[in-house]
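Asks: Dropping a structure here in structure tokens format, bear with me for questions.
Read-outs throughout are calculated quantities, based only on the coordinates presented, and are distinct from any laboratory measurement. Since we're looking at a predicted model, the values are computed, not measured. Every residue, glycine among them, receives a Cβ derived from its backbone with ideal geometry; neighbour counts consider all protein chains shown.
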Amino acid sequence: RPEYRTLVIEIDEDSIRRVGQWPWPRDQLSRLVEMAAAARVIGIDLLLPEADRLAGHDHETDKTLAAALRQAPVVLAAAAEPSGEAPPHPMPAATPVFEAGKDPRLGLPHYRSVSWPQAALADAARGTGLVTVPPEGDGVIRRMPTVGWVGSVLLPAFGVEVVRVATHADRISLRTGPTGGRVLEIGNKSFPTDTAGDVWLRYAVDGTIPSVPADRVLQGNIDREVFRDRVVLIGTSAPGLGDAFETPLRHLESGVSIQAQLVESLLAGDFLRCPNLAPALERLLAAVLAIGSLLLFGRIGDKAYALLCGSAVILLGAGSFGSFVAAGVFLDATLPTTALLGTNLVLLAERTHREVRTRRSKETALANALREAELRAEAERARESLAIALDAARMGIWDADLIDGTARRSARHDEILGYTAPSFEWSRETLLARVVAEDRDAAARSLDTAMETGALHLQCRIRGPDRALRSIAVDGRVYHNEDGTPIRIAGVVADVADRRRIEESLQQTQRLQAVGAIAGGVAHNFNNLLAIILGNLDLASRPRSETERVRPYLVAATAAAERGAKLTWQLLSFARQQPLRPERISPSEHLRNFSMLVSQALPANIAVETDIPQDLWAVEVDPGELQLALFNLAFNARDAMPGGGSLRISATNREVQENRHGGIGRGVMIEIADNGPGIPSDILPRVFEPFMTTKEIGAGSGLGLSQVHGFVHQSGGAVEIDSEPGRGTIVRIDLPAATRARSTAPDAPSLKRSDRITGAVLVVEDEPALANLAAELLAQWHREIKVVPQASTALTLLREGEKVDLVFADIIMPEGMDGLQLAEAMKLEFPDIPILLTSGDSNIAADAAAKGFHVIRKPYRMEELGMSLQRLLVLHSA
């Protein structure tokens, strides 16, 4: 612009430093107005809604300012709030904007509340205008509103009101055309606006609006003639006052400078123009470019297509810039450019996705081919590994077609079964012809069952070409067609002679394990009995004149010795049996002995019930194997009932017209029944198979029921299992009658005696006889003896302050705290009281000794007890 008609009086940083902190007293503002009074109009771009806080109670500075405003043409500023909830303040006298056309307020800024100048100041001024500028998304001030909608009236913007006063116009109008375009009229001058009533500022590139510092004006350093016939705006530009905004020229300008740009543009009629048809033209260009991209993409070379797109973008930018420079017409190239770039991005993404999909399809095909080759190689390796494994396991494979009889089999299969012909037709009869007569019926039943169930499990003996007997195991599967007809059978066959020898060895090992389990179960009770015997005999052996006093000891010792001798005979008679030595035995006597023995070995939560008649027929079996079989069944029942239950042992004579082997005879049936969870139906047919077990790993060898099955069948009998989930299990053993003699059992061990000691003792023993014996033995060394049956009771007495010099406690207690736990608690709470522990279980006694406690093993002699007590007291006192 050749000449600026607007001048800004800036309250800048230097002015605030020289005059004083902002806000200034309003008499300073009145002086500025007086100095610029020769101007056409003075616009004060400062908000003055309240009285001067820096003046006294008489508000003289406000009065001085009002007087100055009356002497000069002044326009004041008001701030509007679009989202305020409070209603607008009472509106002072302001220049209204007249409305013309259809819906003139539609799209205009609408304000709910306005911060007006003081009424006295507003009345003294020539006009009031709104300085509020609706923000844009990026914060850049590109356009300025010309009017605003407040309450029920339209009010002019600050710059518009300044121009009205400067041009001495008497009215402002806003006219809306049929197409939505608006025209602002100030007097007889017209200014086109956009649909929102905004004008697009055309900022000067070569400089800013001229300005003078406020402090120089106040000091009189600026000639008043500088302001004559100029439009003067007063406002702040000091940093930190929050009145700086970014312009399209990418530098910050103060709010008063931007208002000055609006005033200068209105006075010069120099605005950017955006025709009403510009948005439609921009959308049309965007559509043309997008459609052109869709039609040309992929149909011409990539380089040519990129050149076309680049040329289109350059043309859009050049056209927009040229219209702006030449005619001030603003055509936004952003939408067409964005449409072009967005369409290309979508097309590129789609082509990339298609290429990726094609490449992945090829990669998948290649991976499938490689996988297929790998699977073939794995199958070949698996076949070789299977061949190696089968050869190492000495197993043969076979696969027969049940329709045409053809079969494929391995060389090992032919070697095991003794086939010499290179090919043969497989059939049920062909296989059974190799089986010995004794096992043929069982093998036939297994084959018939396999044809129905699909699973073949067969163990039998065959006679090879050399007429030698071989034990074989056949496992396989039968395949059926849709109507259930068997069409194919395949499986493996193995020579299990070595396995049979291993089973016999394991049975012997299991027999020894059973002896250990029984011995461990009864050791404590047995040693308790011997302890009673030895203690009472020691008491009876003391020299005394009262014969009657000795008699109860001898009677008790005799009774306990008889019980111990009987228990010893039962244990040793079982432990010394040799395998496979059948004898003629009485089932009644053996079952009663077994019942007594198993009741000692099983936990207390399993009740043992018996129904054993006296007149059972004698049978010819190996007594040790019978005992082992019965114990296997009892221990299986125990493992099936961890929470407790009942075990019933019964027997009866049976006379049948046809026994299990097709003969006629009589025998004894033994039943072992429990009320455990039962055996699942899918496992029941295989329970007699070697190494078949349902227990956890390490909890069983899987040979228990196999031993029962083998023993019973070798003895000429039969065994069967009836079980139903939730109803328990019943095992029935049929043994044929026989005639032979039987063996006897060994005698019980002998006893000894003891010496003397002193000390106060608390006896902790759950067995009454042992408790009384210990009290009697210890009474000879101390007059006060206390006996309690539980370790917890003893600990309670100690905690209550009971005076005790020594505690003598059994380790094994039926429930609650045991003797070892008592010793550990005393070690922490009563370290000054010694404790002597005792047990008939060697393992438990060894564990207690390993923890540092003094232990005497049952059965103990009086002399041993005295020495142990004496040694304990000496060591404790030391």
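Asks: Just subtract the alpha-carbon distance of LEU281 and LEU315 from 0.36 nm times their residue separation and send over the number in nm, one decimal.
Replies: Going from the current span to full extension adds 10.8 nm.
Asks: Is the C-alpha gyration tensor of the stretch 284-372 telling us rounded, prolate or oblate? Criteria: a/c under 1.5 is rounded; beyond that, a/b larger than b/c is prolate, otherwise oblate.
Replies: prolate
Asks: Another question about this same structure. I'd like the Karplus ³J(HN,Hα) series for the stretch 785-796: coefficients 6.51, -1.76, 1.60, θ = phi - 60°, whole numbers in Hz, and an x wherever there's a Gly or Pro.
Replies: 10, 10, 10, 10, x, 10, 5, 5, 5, 4, 5, 5
Asks: Take peptides 585-593, 309-317 and line them up by average Cβ neighbours within 10 Å, highest first, as a rough protection proxy.
Replies: 585-593, 309-317
Asks: Now, a different point. Which of rounded, prolate or oblate describes the stretch 761-877 when judged by the alpha-carbon gyration tensor and an a/c cut-off of 1.5?
Replies: In terms of gyration-tensor shape, rounded.
Asks: By per-residue mean of other Cβ atoms within 10 Å, what is the highest-first order of 262-271, 185-194?
Replies: By packing density, highest mean first, the sequence is 262-271, 185-194.
Asks: Kindly put LYS63, LYS851 in sequence by how many other C-beta atoms sit within 10 Å of each C-beta, fewest to most.
Replies: If I rank by nearby Cβ atoms, fewest first, I get LYS851, LYS63.
Asks: If you count, for each residue, the other Cβ atoms within 10 Å and average over each peptide, how do 8-18, 435-445 line up from highest to lowest?
Replies: Highest-to-lowest ranking by the protection proxy: 8-18, 435-445.
Asks: Once the Cβ-Cβ distance between GLU372 and GLU350 is put in as r, and R0 is 45 Å, what FRET efficiency do you end up with, to the nearest 0.05?
Replies: Between GLU372 and GLU350 the formula returns 0.90.
Asks: Now, a different point. Give me THR449, THR64 sorted ascending by neighbouring Cβ count inside 10 Å, so fewest comes first.
Replies: Ordered by Cβ neighbours within 10 Å, fewest first: THR449, THR64.
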